[in-house]
Amino acid sequence: MMKPFLDQNFLLHTTAAQRLYHEFAAPMPIIDYHNHLLPQQIAEDHRFDNLTQVWLYGDHYKWRAMRTQGISEMYCTGDASDWEKFEKWAETVPYILRNSLYHWTHLELRRYFGITELLSPATAQSIYDRASALLRTPEYSVRNLLRKMNVRVLCTTDDPTDSLEWHQKMASDPSMDFKVLPAFRPDKAMAVEDPATFNVWVDNLASVAGIHIDDYAGFMAALTKRHDFFAQNGCRMSDHGLEEIYCEPYTEQEIKDIFKKIRSGQTLNTTEVLKIKSALLFEFALLDHQKGWVQQYHLGALRNNNSRAMRQLGPDTGWDSIGDFQQGRALARFLDRLDSENRLTKTILYNLNPADNELMATMIGNFNDGSVAGKVQFGSAWWFLDQKDGMEKQLNALSNMGLVSRFVGMLTDSRSFLSYPRHEYFRRTLCNLFGQEIEKGELPNEVEWIGEIVRDISYRNAAGYFGFEHD
């Protein structure tokens, strides 16, 4: 018998998988420990005027699909009206079959708005009108969208110069019944390839920190002060978006000279770039260890490949891809340097190239020293890999070469408040893997025990790992 699309047992192909999901995974709250949501919108409990604003603004996944469909940029990032942009997205959706966007699109319509029709040009107006009308009501404010998905904790991604004023307002707001915490993302502190842009950022850092920066010592003093400020405002983790880990040998004097050179506006050579990036990455890791933070490394994105689009639209508009960087040797050196000094904090490694799955799954075992369960983690399938095949490959690599039972689970990495069904998608995929192996006799028919593992991966492991279990 043909199964209906997106029924209650979507992605769950065995009886055991269905039990694992419905009884154990589905009821668990969500900890979204990495996303790009705007704290101001949560603090102000923003209401969106229409479905385009909450669904298409800033979503480069959808923009890439629309461009591939031959739709003009004016309907992606341009000045077309919100309805016109949605109309073009609706034209695209029937053609994205087998892309995870097709599943996400219809899961989000169902879970938030109760809309079960397939999105197409024929249904676009009705779906747009119904969803937009709901979004304008108090029940569909940003906070209530998060409550609908049972979000318990979410961690935003914040530059070291951020004032964190919106986090502070939420921390003092008695109506907040879930946590919104900052994460320290110092990528701009390492963006030394462009001296002009870097120096503008350093000047801003000096102003915010109240520290004059004319040498490397001043630079690190200002960054340390901001790191302390983030900790004072509830931050428990750092995050780094890198092509690869940097671990070039350097001397203290070399770094002082390199920083002086870039502050004078001179362009660094390749070796100098690698040395100062290596020094900074190590210093950030020491700060994280000192505070007991979790450090996260998102590795392998080849960004801003289309120079014309970069000039016209800027970064994060959909022109990035998977990179083929050599990750292993430098990553091992970096982690070993920290571990040898007993200053390696809890660490999550995310790779964007699936060819590196087994590399990451084995690398974490080199530095799991028994001090903390799952101290070094192979992070969830990320960005281009956060679809069913990518999730399965990450879970299989981790299962084969580590302990999937200690895994801290899924995150959204999203800019949209409608992205939380991605956690459901992950949990269904997870339960299906376990369920299929139970049915085949490759795992024991111990659904109650395996269900506890599912609960751990869905929520409890992350709660303990990040220290949220008592919040």
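The values are calculated or read from the model by the stated rules, or taken from the named source; none is laboratory data. As the structure is a prediction and not an experimental result, all values here were calculated from the model. Cβ coordinates were reconstructed from backbone atoms using ideal geometry, including for glycine residues, and neighbour counts include every protein chain displayed.
Remarks
- Residue in segment 49-66 that is acidic (Asp, Glu) and on the phi > 0 side of the Ramachandran plot present: no
- Number of residues in segment 369-382 that are surrounded by fewer than 17 Cβ atoms within 10 Å (Cβ to Cβ) and of a type outside the set (A, V, I, L, M): the value is 3.
- Candidates 158, 177: the one that is assigned by TED's automatic domain parsing to the domain that holds residue 348 and surrounded by 13 or more Cβ atoms within 10 Å (Cβ to Cβ) is 158.
- Restricting segment 189-208 to residues that are in contact with a Ser or Thr (Cβ under 8 Å, 6 or more places away or on another chain) and part of a helix (DSSP H, G or I), the residue that is nearest to residue 164 (Cα to Cα): 208
- Residue 381 meets each of the listed conditions (1) of a type in the set (Gly, Ala, Ser); (2) assigned to a loop (DSSP other than H, G, I, E, B); (3) over 30 Å from residue 42 (Cα atoms) apart from (3).
- Going through (1) farther than 30 Å from residue 411 by Cβ; (2) part of a helix (DSSP H, G or I); (3) among the aromatic types (Phe, Trp, Tyr); (4) in contact with a Lys or Arg (Cβ under 8 Å, 6 or more places away or on another chain) one by one, residue 250 falls short only on (2).
- Taking the listed residues 91, 117, the one that is over 24 Å from the mean Cα position of the chain (by Cα) and either in a helix (DSSP H, G or I) or at pLDDT below 95 (or both) is 91, with no other qualifying.
- Within segment 338-372, the set of residues being of a type outside the set (A, V, I, L, M, F, W, C), under 20 Å from residue 409 (Cβ atoms) and either assigned to a loop (DSSP other than H, G, I, E, B) or touching a Pro at 6+ places or on another chain (Cβ under 9 Å) (or both) comprises 345, 346, 368.
- Selection within segment 160-179 - touching a strand residue (DSSP E or B) at 6+ places or on another chain (Cβ under 9 Å) and closer than 21 Å to residue 240 by Cβ: 160, 164, 167
- Scoring residue 396 on the criteria (1) part of a helix (DSSP H, G or I); (2) crowded, with 18+ Cβ neighbours inside 10 Å leaves a single failure, condition (2).
- Within segment 300-319, tally of residues that are out of contact with any Asp or Glu (no Cβ under 7 Å at 6 or more places or on another chain), under 21 Å from residue 192 (Cα atoms) and either of a type in the set (Ser, Thr, Tyr) or in contact (Cβ under 8 Å) with a residue 60 or more places away in the chain (or both): 2
- Some residue of segment 291-299 being touching a residue at least 40 places away in the same chain (Cβ under 8 Å), assigned to a loop (DSSP other than H, G, I, E, B), surrounded by fewer than 17 Cβ atoms within 10 Å (Cβ to Cβ) and over 18 Å from the mean Cα position of the chain (by Cα): yes
- Just so you know, in segment 51-97 the residues that are more than 22 Å from residue 321 (Cα to Cα) and in contact with a Phe, Trp or Tyr (Cβ under 7 Å, 6 or more places away or on another chain) include one that is surrounded by the fewest Cβ atoms within 10 Å (Cβ to Cβ), and it is 84.
- Condition met for residue 325 (aromatic (Phe, Trp, Tyr), modelled with pLDDT of 95 or more and either more than 17 Å from residue 240 (Cβ to Cβ) or part of a helix (DSSP H, G or I) (or both)): no
- Test: residue in segment 334-341 that is surrounded by fewer than 16 Cβ atoms within 10 Å (Cβ to Cβ), on the phi < 0 side of the Ramachandran plot and in contact (Cβ under 8 Å) with a residue 40 or more places away in the chain: yes
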